[in-house]
Amino acid sequence: YFQRGSFNFICKNSFFICMVVLNNNFSYNLNIFFSYLYTKLFYNDLRLIRLPIYIRGKQRIFFGKNFTSGRFNRIDAFGENAEIKFGSNVQINDYNHISAVSNISIGDDCLIASNVFISDHNHGIFSDYSVSTTVVNHKFESVQKSVHCHTNPSNLYSHSDLSTKPIKIGHNVWLGES
């Protein structure tokens, strides 16, 4: 129970504490609390990274100011040449997977719904639509090829080439749930 004066003080001085006080679900509040602490300790310029989150290759992932994420997201930058850039004020919701072996760029003020998969690569080359001039081998080394052979489906995926093309999502884009 809060008296009116103390409640106003908390709301004026910390939006986060105000949200916790207003929501009565204990596990939700606990997750928000630890997510907020994690964000401010490791990613101070971001608004909120909800836990749990899986980030691989974080030295090649660049978050813009006020980035916000939902829970259970996976962000992967595979190999030394991979890069993922998020613009300012980007918000991604729950259960998304963003994976790069080349380059993914998401502009400012973008909203991404839940259950969205964004990838700049394809495991194998099975049609002419996936053909690109850049291929990444199973060791994540970029290889330029002028002629592509289609991948034999009986080959192990872990040893097949990855066809890759950069992904650029502009400013003010909303991506819906897939």
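Just one residue in the set Ile32, Ile61 is surrounded by 16 or more Cβ atoms within 10 Å (Cβ to Cβ), over 21 Å from Gly176 (Cα atoms) and within 10 Å of the chain's Cα centre (by Cα); that residue is Ile61. Can you confirm whether Asn73 is open to solvent by 40 Å² or more (accessible area, probe 1.4 Å) and within 20 Å of Ile118 (Cα to Cα)? Judged against the criteria, Asn73 is not a match. Restricted to the range 154-168, and to residues that are outside any loop (DSSP other than H, G, I, E, B) and buried (at least 17 other Cβ atoms within 10 Å of the Cβ), which residue is modelled with the highest pLDDT? Among them, the one singled out is Ile167.
Within the range 28-68, being among the hydroxyl-bearing types (Ser, Thr, Tyr) and touching a helix residue (DSSP H, G or I) at 6+ places or on another chain (Cβ under 6 Å) holds for one residue alone: Tyr36. Of the residues making up the range 45-62, just one is aromatic (Phe, Trp, Tyr) and under 15 Å from Asn93 (Cα atoms), namely Tyr54.
Here's a check for you: in the range 76-115, which residue that is part of a loop (DSSP other than H, G, I, E, B) and among the β-branched types (Val, Ile, Thr) is nearest to His171 (Cα to Cα)?
Initial filter on the range 76-115 (part of a loop (DSSP other than H, G, I, E, B)): 78-82, 87-90, 93-96, 101-102, 107-110, 113-115.
From the residues that got through so far, the ones that are among the β-branched types (Val, Ile, Thr) too are 90, 101.
Details: Val90: 9, Val101: 22 Å.
Checked the range 76-115; the qualifying residue nearest to His171 (Cα to Cα) is Val90.
Any chance the range 62-75 includes a residue that's part of a helix (DSSP H, G or I), free of Cβ contacts under 8 Å to residues at least 60 places away in the same chain and within 20 Å of Pro166 (Cα to Cα)? Spell out how you get there, then give the answer.
Taking the range 62-75 as the starting set, the residues that turn out to be part of a helix (DSSP H, G or I) are none.
Among the residues of the range 62-75, not one is part of a helix (DSSP H, G or I), free of Cβ contacts under 8 Å to residues at least 60 places away in the same chain and within 20 Å of Pro166 (Cα to Cα), which makes the answer no.
Of all the residues in the range 3-60, those that are outside any helix (DSSP H, G or I), at pLDDT 55 or above and not acidic (Asp, Glu) number 16.
The values are calculated or read from the model by the stated rules, or taken from the named source; none is laboratory data. Please read these numbers as outputs of a predicted model, since none were measured by experiment. In this analysis, Cβ positions are derived from the backbone assuming ideal geometry, glycine residues included, and neighbour counts consider all displayed protein chains. Note: accessible area is taken over every heavy atom of the protein model, side chains too, but ligands, DNA and RNA are not part of it. Shrake-Rupley method; radii C 1.70, N 1.55, O 1.52, S 1.80 Å.
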